[in-house]
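There's a structure below that I have some questions on.
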Amino acid sequence: MYYVDVILPLPLRGCFTYEITEAEAHFIQPGMRVAVSFGKQKIYAGLAHSLHQATPETYQAKPIDHILDEKPIVTEVQLKHWDWVAEYYLCPIGDVMRAALPNVFLLQSETRLKHHEDFNGETSTLTNDEYLIVEAIERVGELSINEVSVLLNKKTILPIVQKLVSDAIIETVTSFEDKVKPKTARYVKLAPAYSGDGLHIALNEVTRAPKQKDILMRYFELSTKGQVAVLELVKSTNSSASVIKAMIDKGLFIEELLVVDRWRSRGVQEANQKVLSPHQEEAFKSVQTAFQSSDICLLHGVTSSGKTELYAKQMQEVMSQGHQVLFLVPEIALSTQLVDRLEHYFPDQIVLYHSRFNDQERAELWYKIMNNDPKARLIVGARSAVFLPFKDLKLIVIDEEHEHSYKQFEPSPRYHARDTALVLSQFSNAKTLLGSATPSIETYYNATVMEKFPLVVMKERHNQVLPPTIALVDLKDQYKRKKMKGHFSDVMVERMRSALEKNQQIILFQNRRGYAPVVTCVTCGHSPHCSQCDVSLTYHQHSQQLRCHYCGYHDAVTAHCVACGCPTLQYKGLGTQQIESEVQALFPNIKVARMDLDTTRGKHAFSRIISDFDDQKIQVLVGTQMVTKGLDFRNVALVGVLNADNLLNYPDFRAHERCYQMLQQVAGRAGRTDEQGDVLIQTFLPDHPILRQVVNADYQGMFEQELQQRKTYVYPPFGRIIRISLKHKNIDRVNEAADWLFKAYKQSFGTSVIGPEFPPVARIRNQYHKNILIKLIQPKKIKLAKKIVIKTQNSFESIGQFKAVKLITNVDCY
């Protein structure tokens, strides 16, 4: 007997074994999809993981339904990589499969109803609902379960369907529909009768139709391969598709539907040869030397030192040999500008991959990368790009490696793209180049203290540009002397005015969106809260709504307090919308834009804002952390941080590290050309050590200070942390479950278990949350500890009263 282990796209641990014939065993390869039944009637597109002849001991293996692919759509390296992700992050491999594959590959059967072959047409004994179903099937041939529900206007329809099936009036069938569809576009070409000597005849036929004549003349200009896109003709002649249709009806044009790429090059024809500066060349040679003895290298370069140019040179070395390169970026916004820059070095070789692409676009890019298409040698992507099917990957570049955006929090798998990419490089025999102006504590510790991989430093800015001057503004003193204009100090306003008079641009940073995070009634003290979460509603001025940033609940803003009816509402706190309004009031004749989650929801919203700011159509850009991450704007003279204290006072052991990184990164957006830039940081804590380190660009001081504290309290890099979260709508059930789980873990891990504790926001979407932390101190015993975690959770889930409590395991939850 032959068997295949199949991964199902379900949140279930491990693979499921199915029986196959000898012929199927010789045809199926790991990575091919097979249709298998799971449960009573549902059929899923599972993925063949491995083939063997070991009979399952605990259950009777079902046969597979049929084979869906002629060749694998997932590589063996990918399957090995998925196994590692599932094992390390303690998540079901089905979750990894769902995260990796475009949705169009995750086929599921659809149950449809049709007349039974023995049905004689007798309907006199049927009820009204049964008659409606039979009559509808008579007319259209088949109905889906959803269509029956709509037809009867009922949610509970299974009893009716089951009775018709048992009476042999209808029968159920299951079918798959392949959802991967190539993109097509309308093209036209000149009819054969008008080619050659017949051209003058074609021109004579459109003499009295000037629009058709314009299109025909434009067609001759554009036609190189015999056909031209209808859309291109319409745009270039300022005409309409109806005019071209008339020409097709005349017989002048022949219409064709051709398959086209969804990803198109920006039209750069020739590659620019990049000449590195002396200090860049020195760093490049150091990286080359490092790669001779190590597969990983950390590039610590100050902001605007030219790391991207060095990346490009390194990628050129690899791509010239026909290999693939993965370039990871932390934000989709950053990938847009980066692709524009890199296309000048690698024309027609770059593809962009991230979660905002639709399923068809992702599927098309999947096949291009798997086939090592020459037009997809350089893949620029956000964290999900680590799951792509690379055929010949030889270099991974991880830009801004310190960014916490690389960590996936929801949904599972909760992986960190940087660490996952490092493992992928091992499986692919590739090199990894980590780059950052402010490396994470763990990475810098591994490179300098542990010497696990080499460190290359770039201390100078490109073209000897001076670093920006960073100054702290004491808000206590400003408020005391009444020199504040709204939330802007007089120093900030004066610097902004000076920059705008010189036609220079400004970036203002506040890491909170909305207008005001809290609305309070001065009379009674009432503050509107979310009905589903333990959090106050944030006021959004543009939509005149109070919104919850956790669950999306929203309510209309009222002029009076809903509790006491008094018109004494006060807005407290500061968000990006409020900053935008205040800037517009201070400088009414300038263009102000905002870049936060509210303004970048659309697929092309990022690129539109970045392009407008790059083209200097926008003078002041207000943003959240999106504006801090590696964007390159040449005309920014001033960066203003409205309130740095929010970053310092966050309840997280990494708060100070992230505050330093964020402020240094946003400061690096200023003065990237000849003129030195300015950075103003407003704070109530001007003597705070972290802020002083930011002013002095003292990364080493921050690193040593943070390392000492982490060693004292056994935080990373001196230990690993697993966070177990429990969720349930009943707070008593959550408390009871958390206490049981804590005691069970305490028996195995002793004092390394912390909790259980409610997080700052204890209730989200009517679900109460409670957390347990497990600190793993000894690296050699981490695998054993994870096995204990899983075993304890299995025991927990077998207890009846806790079955409704949801457990979420987050490894490296920082």
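Cβ-Cβ distance below 6 Å, separation of 6 or more or different chains: which pairs start in region 539-560 with a residue that is under 16 Å from Pro517 (Cβ atoms) and among the basic types (Lys, Arg) and end on one that is part of a strand (DSSP E or B) and open to solvent by 40 Å² or more (accessible area, probe 1.4 Å)?
Sorted first by the residue in region 539-560, then by its partner, the pairs are Arg547/His554.
Of these, Thr469, Thr443, Thr523, which one is among the β-branched types (Val, Ile, Thr) and at pLDDT 90 or above?
Matching residue, one of Thr469, Thr443, Thr523: Thr443.
Return the only residue of Ser536, Ser531 being of a type in the set (Ser, Thr, Tyr), at pLDDT 85 or above and in contact with a Cys (Cβ under 8 Å, 6 or more places away or on another chain).
Working: Ser531 fails: in contact with a Cys (Cβ under 8 Å, 6 or more places away or on another chain).
Selected residue: Ser536, the only one of Ser536, Ser531 that is of a type in the set (Ser, Thr, Tyr), at pLDDT 85 or above and in contact with a Cys (Cβ under 8 Å, 6 or more places away or on another chain).
While we're on this one: Looking at region 139-171, which of its residues are open to solvent by less than 80 Å² (accessible area, probe 1.4 Å), more than 18 Å from Leu126 (Cα to Cα) and among the polar types (S, T, N, Q)?
Result: Ser144, single match.
Among the residues of region 768-778, what is the count of those that are touching a residue at least 40 places away in the same chain (Cβ under 8 Å) and surrounded by fewer than 18 Cβ atoms within 10 Å (Cβ to Cβ)?
2
Any idea which of Leu586, Leu574 is aliphatic (A, V, I, L, M) and in contact with a His (Cβ under 9 Å, 6 or more places away or on another chain)?
None of the other options fit; the residue is Leu574.
Test of understanding: among Tyr44, Tyr3, Tyr59, which residue is in a loop (DSSP other than H, G, I, E, B) and among the aromatic types (Phe, Trp, Tyr)?
Of the residues listed, the single one that is in a loop (DSSP other than H, G, I, E, B) and among the aromatic types (Phe, Trp, Tyr) is Tyr59.
Is it fair to say Gly800 is farther than 20 Å from Cys533 by Cα, open to solvent by less than 30 Å² (accessible area, probe 1.4 Å), over 30 Å from the mean Cα position of the chain (by Cα) and without any contact (Cβ under 8 Å) to a residue 12 or more places away in the chain?
Here the answer is no, as Gly800 does not meet what is asked.
Going by what's in this entry, would Gly39 be described as open to solvent by less than 30 Å² (accessible area, probe 1.4 Å) and free of Cβ contacts under 8 Å to residues at least 60 places away in the same chain? Before the answer, list the steps.
On the way: open to solvent by less than 30 Å² (accessible area, probe 1.4 Å): no; free of Cβ contacts under 8 Å to residues at least 60 places away in the same chain: yes.
When the stated conditions are applied, Gly39 does not pass them.
Which residue is farthest from Arg634 (Cα to Cα), if the candidates are limited to region 350-398 and must be hydroxyl-bearing (Ser, Thr, Tyr) and open to solvent by 10 Å² or more (accessible area, probe 1.4 Å)?
Tyr367
Residue by residue, here is whether (1) open to solvent by 50 Å² or more (accessible area, probe 1.4 Å); (2) within 29 Å of Leu638 (Cβ to Cβ) holds:
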residue	(1), (2)
Gln664	no, yes
Gly677	no, yes
Asp687	yes, yes
Gln693	no, yes
Leu707	no, no
Val714	no, no
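Restricting to region 650-684, count the residues that are closer than 23 Å to Glu442 by Cβ and not in a helix (DSSP H, G or I).
Residues flagged as closer than 23 Å to Glu442 by Cβ and not in a helix (DSSP H, G or I) within region 650-684 amount to 6.
Quick check on this structure: which one of Met450, Met496 is outside any strand (DSSP E or B) and either among the hydroxyl-bearing types (Ser, Thr, Tyr) or surrounded by 18 or more Cβ atoms within 10 Å (Cβ to Cβ) (or both)?
Met496
Taking region 753-767 as the search range and keeping residues that are part of a strand (DSSP E or B) and open to solvent by less than 50 Å² (accessible area, probe 1.4 Å), which one is farthest from Val535 (Cα to Cα)? I'd like the intermediate steps shown before the answer.
Initially, region 753-767 is screened for residues part of a strand (DSSP E or B), giving 753-757, 763-764, 767.
Going one step further and asking which of them are open to solvent by less than 50 Å² (accessible area, probe 1.4 Å), we end up with 753, 755-756, 763-764.
Values: Val753: 28, Gly755: 22, Pro756: 21, Arg763: 8, Ile764: 9 Å.
Ranking the qualifying residues of region 753-767, first place goes to Val753.
Go through region 320-349 residue by residue and tally those that are free of Cβ contacts under 8 Å to residues at least 60 places away in the same chain, open to solvent by less than 20 Å² (accessible area, probe 1.4 Å) and small (Gly, Ala, Ser).
1
Do we find that Arg512 is assigned to a helix (DSSP H, G or I) and open to solvent by 20 Å² or more (accessible area, probe 1.4 Å) in this structure? Write out each step before concluding.
Working: assigned to a helix (DSSP H, G or I): no; open to solvent by 20 Å² or more (accessible area, probe 1.4 Å): yes.
Taking the combined requirement at face value, the residue does not satisfy it.
Quick one: would you say Asn146 is assigned to a loop (DSSP other than H, G, I, E, B) and at pLDDT below 85? Working first, answer last.
Working: assigned to a loop (DSSP other than H, G, I, E, B): no; at pLDDT below 85: yes.
No; evaluated as a whole, the condition is false for this residue.
Checking Gln584 against (1) free of Cβ contacts under 8 Å to residues at least 60 places away in the same chain; (2) open to solvent by 60 Å² or more (accessible area, probe 1.4 Å); (3) part of a loop (DSSP other than H, G, I, E, B); (4) of a type outside the set (Phe, Trp, Tyr), only one condition comes out false. Which one?
Exception for Gln584: condition (3).
Which ones in region 554-581 are outside any strand (DSSP E or B), open to solvent by 60 Å² or more (accessible area, probe 1.4 Å) and closer than 20 Å to Cys530 by Cα? I'd like the intermediate steps shown before the answer.
Quick first cut of region 554-581, residues outside any strand (DSSP E or B) only: 557-568, 573-581.
Okay, now just the ones that are also open to solvent by 60 Å² or more (accessible area, probe 1.4 Å), so 558-560, 562-563, 567.
Passing the criteria: Thr558, Ala559, His560, Val562, Ala563.
Is there a residue being under 37 Å from the mean Cα position of the chain (by Cα), modelled with pLDDT of 85 or more and either closer than 30 Å to Thr172 by Cα or not hydrophobic (A, V, I, L, M, F, W, C) (or both) anywhere in region 109-119?
Narrowing region 109-119 to residues under 37 Å from the mean Cα position of the chain (by Cα): 109-112.
The next check asks that each one be modelled with pLDDT of 85 or more; those that pass are none.
No, there is no match, as no residue in region 109-119 is under 37 Å from the mean Cα position of the chain (by Cα), modelled with pLDDT of 85 or more and either closer than 30 Å to Thr172 by Cα or not hydrophobic (A, V, I, L, M, F, W, C) (or both).
Moving on to the next point. Condition first: at pLDDT 80 or above, among the hydrophobic types (A, V, I, L, M, F, W, C) and in a helix (DSSP H, G or I). Now tell me which residues in region 221-243 satisfy that.
Those that are at pLDDT 80 or above, among the hydrophobic types (A, V, I, L, M, F, W, C) and in a helix (DSSP H, G or I): Val230, Leu231, Leu233, Val234, Ala241, Val243.
When you scan region 805-812, do you find a residue that is more than 21 Å from Tyr444 (Cβ to Cβ) and either at pLDDT below 90 or part of a helix (DSSP H, G or I) (or both), even just one?
Looking for residues that are more than 21 Å from Tyr444 (Cβ to Cβ) and either at pLDDT below 90 or part of a helix (DSSP H, G or I) (or both), one finds none in region 805-812, hence no.
For the condition open to solvent by less than 30 Å² (accessible area, probe 1.4 Å) and modelled with pLDDT under 85, what is the one hit in Leu79, Leu106, Leu90, Leu101?
Only one candidate passes the filter, namely Leu106.
Of the residues Pro9, Pro56, Pro63, Pro72, only one is within 30 Å of Lys391 (Cβ to Cβ), in contact (Cβ under 8 Å) with a residue 40 or more places away in the chain and in contact with a strand residue (DSSP E or B) (Cβ under 7 Å, 6 or more places away or on another chain); which?
Details: Pro56 fails: within 30 Å of Lys391 (Cβ to Cβ); Pro63 fails: within 30 Å of Lys391 (Cβ to Cβ); Pro72 fails: in contact with a strand residue (DSSP E or B) (Cβ under 7 Å, 6 or more places away or on another chain).
On inspection, the qualifying residue turns out to be Pro9.
In region 426-445, how many are in a helix (DSSP H, G or I) and either out of contact with any Leu (no Cβ under 8 Å at 6 or more places or on another chain) or closer than 30 Å to Lys391 by Cα (or both)?
Matching residues across region 426-445 total 5.
Moving to a separate point now. I'm trying to understand the selection: among the residues of region 453-467, which are in a loop (DSSP other than H, G, I, E, B), out of contact with any Cys (no Cβ under 9 Å at 6 or more places or on another chain), open to solvent by less than 80 Å² (accessible area, probe 1.4 Å) and not aliphatic (A, V, I, L, M)?
Passing the criteria: Arg461, Pro467.
Taking the conditions exactly as written (among the hydrophobic types (A, V, I, L, M, F, W, C) and either in a helix (DSSP H, G or I) or surrounded by 14 or more Cβ atoms within 10 Å (Cβ to Cβ) (or both)), does Ala54 satisfy them or not?
no
Here is a list of conditions, (1) touching a residue at least 12 places away in the same chain (Cβ under 8 Å); (2) part of a helix (DSSP H, G or I); (3) out of contact with any helix residue (DSSP H, G or I) (no Cβ under 7 Å at 6 or more places or on another chain), and Ser748 meets all of them except one; can you say which number that is?
(3)
The values are calculated or read from the model by the stated rules, or taken from the named source; none is laboratory data. Not measured: the values here are computed from a predicted model. Note that we place each Cβ from the backbone using ideal geometry, even for glycine, and neighbour counts take in every protein chain shown. What goes into the accessible areas is simple: the full protein's heavy atoms, side chains included, and nothing from ligands, DNA or RNA. Shrake-Rupley method; radii C 1.70, N 1.55, O 1.52, S 1.80 Å.
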